[in-house]
1. Filter region A:126-145 down to residues that are in contact with a strand residue (DSSP E or B) (Cβ under 8 Å, 6 or more places away or on another chain) and either in a loop (DSSP other than H, G, I, E, B) or among the hydroxyl-bearing types (S, T, Y) (or both), then give me how many there are.
2. Hey, can you tell me all the residues within region B:95-108 that are touching a Lys or Arg at 6+ places or on another chain (Cβ under 8 Å) and either exposed (fewer than 14 other Cβ atoms within 10 Å of the Cβ) or not acidic (D, E) (or both)?
3. Quick one: B:V105 ticks every box in (1) assigned to a loop (DSSP other than H, G, I, E, B); (2) touching a strand residue (DSSP E or B) at 6+ places or on another chain (Cβ under 9 Å) bar one, so which box is it?
4. Does region A:39-63 hold any residues that are surrounded by fewer than 16 Cβ atoms within 10 Å (Cβ to Cβ), touching a residue at least 12 places away in the same chain (Cβ under 8 Å) and more than 14 Å from every other protein chain (Cβ to nearest Cβ), and which are they?
5. Would you pick out the residues in region A:77-109 that are closer than 17 Å to A:I148 by Cα and basic (K, R)?
6. Kindly establish whether A:P11 is touching a residue at least 12 places away in the same chain (Cβ under 8 Å), crowded, with 16+ Cβ neighbours inside 10 Å and either within 14 Å of chain B (Cβ to nearest Cβ) or over 16 Å from the mean Cα position of the chain (by Cα) (or both).
7. Restricting attention to region A:99-113, does a residue exist that is hydroxyl-bearing (S, T, Y) and over 12 Å from the mean Cα position of the chain (by Cα)?
8. Among the numbered criteria (1) under 12 Å from the mean Cα position of the chain (by Cα); (2) part of a strand (DSSP E or B), which one does B:R3 miss?
Number of protein chains: 2
Amino acid sequence: MKRALILLGCPEAPSQTPMAVYAVYKLTKMGYEVTVASTPSAMKLLEVSDPEEYYIDNKIDIESCLAKLEEGSFDLLVGFVHKDAAVSYFVTFYHILNIKSLAVVFERDPDVMEDLAKDIMESTDANVVSARAYHNPTPIRVKFDHAIKDLEE
Amino acid sequence: MKRALILLGCPEAPSQTPMAVYAVYKLTKMGYEVTVASTPSAMKLLEVSDPEEYYIDNKIDIESCLAKLEEGSFDLLVGFVHKDAAVSYFVTFYHILNIKSLAVVFERDPDVMEDLAKDIMESTDANVVSARAYHNPTPIRVKFDHAIKDLEE
């Protein structure tokens with residue numbers, strides 16, 4: 001079975017937890033076994049958001065995940081990025097795993113969003129999608145859907 | 001069947017959508033038929049957060065809900081409050097419905113949080129719980145659980 005890893009940093013944006021559930025749902029539908037690696041507060045939000053673990057089964061602390069990560073541990077990396085710390089995590093995971101990767105950048109401020117996307121593009125060959133999604137998750141959801149479809153083809 | 005209405009305003013706080021799913025889950029377990037009335041952006045986040053409608057079945061636009069609201073349309077009102085607009089909605093729904101009600105106030109800034117809670121207590125006899133929950137939903141989840149249990153007894 002194909003294995004996907006989703007990275008979640010500090011949950012500053014209201015759309016992060018909903019989009020994380022959606023991404024797990026979507027990738028599971030596509031046949032991936034999905035693991036979510038996140039900071040402690042992002043994980044608590046996931047737990048509250050899916051109390052019966054109907055959508056998200058495999059959750060791991062991002063630091064514990066990193067400690068045992070090896071090249072090829074997963075087949076697909078998806079990182080949600082809306083802060084510098086999340087860029088660092090994504091770039092680190094990207095270079096260890098060496099697999100096809102997608103960074104999903106969302107930020108309220110368009111300049112910050114552009115800087116985050118640029119930082120990732122300068123440090124990796126990952127696919128990057130970005131959208132000004134803060135309250136309304138639709139722009140980032142649509143771009144995520146297209147990017148995931150492209151990665152599969 | 002008992003009917004509960006959950007009010008969601010503008011989703012500024014990252015914990016609002018996860019807590020909304022949790023509240024629906026909890027009240028459904030307690031035997032309520034739960035409706036969520038929300039602003040358009042809050043509803044989009046709910047849709048992304050629960051793509052198969054496993055947790056949340058009944059969603060309605062907050063203005064449409066208000067337009068047809070009557071005393072006793074529901075048996076329990078729960079409002080999530082972290083902005084002035086949400087206070088206004090809660091107070092309005094409270095006075096039309098005239099049923100047992102709980103306001104769940106969460107804000108990053110403790111002074112703002114206190115002001116919001118005070119505004120509600122001055123305008124209603126609703127139960128009010130408040131917690132500084134922004135990233136970490138645990139404080140507000142625990143207070144919500146207690147308050148709901150108290151309301152049932």
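The values are calculated or read from the model by the stated rules, or taken from the named source; none is laboratory data. This one's a predicted model, so the numbers in the text were calculated from it and none came from an experiment. Cβ coordinates were reconstructed from backbone atoms using ideal geometry, including for glycine residues, and neighbour counts include every protein chain displayed.
1. The total comes to 5.
2. B:V104, B:F106, B:R108
3. The single condition B:V105 does not satisfy is (1).
4. Correct list: A:N58, A:I60, A:D61.
5. Once the filter is applied, which keeps residues that are closer than 17 Å to A:I148 by Cα and basic (K, R), region A:77-109 yields only A:K100.
6. So A:P11 passes the test.
7. The answer is no, given that none of the residues of region A:99-113 is hydroxyl-bearing (S, T, Y) and over 12 Å from the mean Cα position of the chain (by Cα).
8. Looking at each condition in turn, B:R3 falls short on (1).
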